[in-house]
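What follows is one structure encoded as structure tokens, with my remarks underneath.
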Amino acid sequence: MTAVLQPGTHDTLYGLIRLAGLCAALPVAAIREVVPCPSQLCPFPASRADILGAVELRGEVIPVIDLARALTSASANGGRVEADDHSIIVILRHEQHVFAVLADGILGVMPLTSREISPLGHSAANGEERLFFSTFRVEVHNGVVLDPAAIIALPGMVTATDRSARKDDARQIDEPILVFMVAGLRLALPASCVDASLPRADLLPTPTETDLWIAQREYKGAEIPVIDTLHLLGHGSLPAGRRNGASIVVRTQLPDPAPPGWTEPFGLVALLIDSVDDIGRFAARCFAPLLQDAVAGAVLSRGMLETAEGSALLINAQKLSAHEGLRNLGVIRNVPEHAKASVQSAQNDDRATRTSEKPFLVFSVGEQRFSTPLAAVEEILLAQTAILPMPPGNCGMIGLFASRGHCVPLLDLTHVLGDAATREGRYIIVTRSDHPEGLRRAGFRVDELHSVDRKVLQKIASKDQSAQLPGLPGPTIRLSDGHACTVLDLAGTAERLLNANTALKLGHSNKCDSINSIA
């Protein structure tokens, strides 16, 4: 069985809660579960005024503390945040202690490293009330990092004994679980494959939509693919054209082989969701295995999990991270221009440059990178698309496949690139071009997709503009890493190949001619 990708040793996964108007981070390992706040708490004797009472949970009586007084010093109601219908109770544990914290809601999870956490200094006068020792800032979140041990050490603080540590109740699903909603479906995902959860935001368009890859989202300075979660799990599809939502960023295994120059130990994709509802650990008795061959759409599921909000479908983290479609999409990163460290010239030059920039889809064939104008790309398909093989001919047609109700020819790039081309690529780029008889489409197999970059086309032309001199490089764009990338006019190449119905010999010079001749 393939191992689940674990978060790196350099970071720790934190649960983020909204508390007294602040974002507070707690180690996920310290969060036992999250439950709705009852309309009335049980009375509980305590010397601290911020112990609101207790909550009874499966026979345990757990004291509930309101940390708003300690975290806010001057609000309209003296730092007190009243519980309402939207309040939640976060059950925390540390060693043998268990206690509860009143909170306003769950914000999700986020890995934090030493780069994002800033230590705080406290004076001796208030040292005994230290609840947090640092703050953090990462992505769209910033707040305080709470220390469960410091809360337990508060003067007069009371806790219950963690019954889950007893031998007769020790069996648990051995990692924290994230519970979330998407289109009315409650799902649960082990935290081992989660890189972060992101709040609701507007999504960015893809180079072209597929059933699985429906949008892009900015994360850690790049744009990563956004996945239709319902389609991934086999439960239908999200409404077409959805351009807003929260996300869970999951780590995927790398394709084999990994893309050239890829240095990360995993890929990243974002599952589109509606909200995160729960974070915690669950006893084994809360889990019911699923008989997978008896349930449609359960190929990535382990079974049902009983949560405080109701039953959830528990996703198999191992199968999710190894999903071939996600592995291929997880290594696609588009670094936006505004996030790249580049030296800008004068404003007039910059304006002129932007005017001449055009979007290009960057991809790999074998070990070489190429690009093609995005305007001529209709869609990108995974290579699992069913192909009807055709006899080989001079036009280089491998076969036919169906796309959006059209029969599309799959063409052989060896007629353009020679032995450097591939016939077994992971993706199919579908091009489109206008023709007197109507719109024409064609597909080309490529090995990897990298990014969509807005660049200026660089051409080397001879005095005779009608001919490409042998030996001179074709049009190129300059990638962000400084390397030149040849531009292939795939749509134009398709036109030439499909029009080769008579005996046509493609020699070396013809291969050079097929390199883009974009004006």
**OP:** For residues that are buried (at least 16 other Cβ atoms within 10 Å of the Cβ) and more than 26 Å from Gly325 (Cβ to Cβ), tally how many sit in segment 370-395.
**Re:** 1
Original post:
So which of Leu439, Leu469, Leu479, Leu449 is farther than 22 Å from Val377 by Cβ, modelled with pLDDT under 85 and not aromatic (Phe, Trp, Tyr)?
Top reply: Leu469
Subject >> strands (runs of 3 or more DSSP E) completely within segment 238-334 that count 3 or more residues being surrounded by 15 or more Cβ atoms within 10 Å (Cβ to Cβ) and without any contact (Cβ under 8 Å) to a residue 24 or more places away in the chain >> reply: 301-307
Subject >> Residue list for segment 396-452, restricted to those being surrounded by 15 or more Cβ atoms within 10 Å (Cβ to Cβ) and in a loop (DSSP other than H, G, I, E, B) >> reply: Gly396, Asp412, Leu413, Ala421, Thr422, Gly425, Arg426, Asp447
Original post:
Could you give every pair whose Cβ atoms fall below 7 Å, whose first residue belongs to segment 360-374 and is assigned by TED's automatic domain parsing to the domain that holds Leu479, and whose second residue is of a type in the set (S, T, N, Q) and modelled with pLDDT under 85, counting only separations of at least 6 or pairs across chains?
Top reply: Val362/Ser451; Val365/Thr422; Gly366/Thr422
Original post:
What are the residues in segment 182-204 that are under 30 Å from Arg404 (Cα atoms) and either in contact (Cβ under 8 Å) with a residue 24 or more places away in the chain or not assigned by TED's automatic domain parsing to the domain that holds Asp228 (or both), if any?
Top reply: Val182, Ala183, Leu185, Ala201, Asp202, Leu203
**OP:** Would you be able to say whether some residue in segment 202-224 is within 17 Å of Leu326 (Cα to Cα), surrounded by 21 or more Cβ atoms within 10 Å (Cβ to Cβ) and among the hydroxyl-bearing types (Ser, Thr, Tyr)?
**Re:** no
Original post:
Across segment 122-143, what is the total count of residues that are at pLDDT below 80 and under 25 Å from Arg48 (Cα atoms)?
Top reply: 12
Subject >> Tabulated pairs, segment 39-57, first in the same structural domain as Met157 (by TED's automatic domain parsing), second among the aliphatic types (A, V, I, L, M) and surrounded by fewer than 19 Cβ atoms within 10 Å (Cβ to Cβ), C-beta under 6 angstrom, 6+ apart or interchain >> reply: Ala46/Val158; Ala54/Val61
**OP:** Could you list, in sequence order, all residues of segment 225-237 that are among the polar types (S, T, N, Q) and either crowded, with 17+ Cβ neighbours inside 10 Å or in contact with a strand residue (DSSP E or B) (Cβ under 7 Å, 6 or more places away or on another chain) (or both)?
**Re:** Thr229
Subject >> Residue that is modelled with the lowest pLDDT [pool: residues in segment 373-395 that are of a type in the set (A, V, I, L, M) and not in a strand (DSSP E or B)] >> reply: Ala383
Original post:
Which condition number does Phe401 fail, the rest of (1) closer than 26 Å to Arg327 by Cβ; (2) at pLDDT below 80 being met?
Top reply: (2)
Original post:
Which of the following residues is aliphatic (A, V, I, L, M), modelled with pLDDT of 85 or more and not assigned by TED's automatic domain parsing to the domain that holds Ile248: Ala83, Ala70, Ala100, Ala74?
Top reply: Ala100
**OP:** Only one of these is under 11 Å from Ala100 (Cβ atoms), at pLDDT 85 or above and buried (at least 21 other Cβ atoms within 10 Å of the Cβ): Val28, Val64. Name it.
**Re:** Val64
**OP:** Find the residue count for segment 217-237, including only residues that are of a type in the set (Ser, Thr, Tyr) and part of a strand (DSSP E or B).
**Re:** 1
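The values are calculated or read from the model by the stated rules, or taken from the named source; none is laboratory data. Note that this is a predicted model, so its numbers are computed, not measured. Ideal geometry is used to build each Cβ from the backbone, glycine not excepted, and the neighbour counts take in all protein chains shown.
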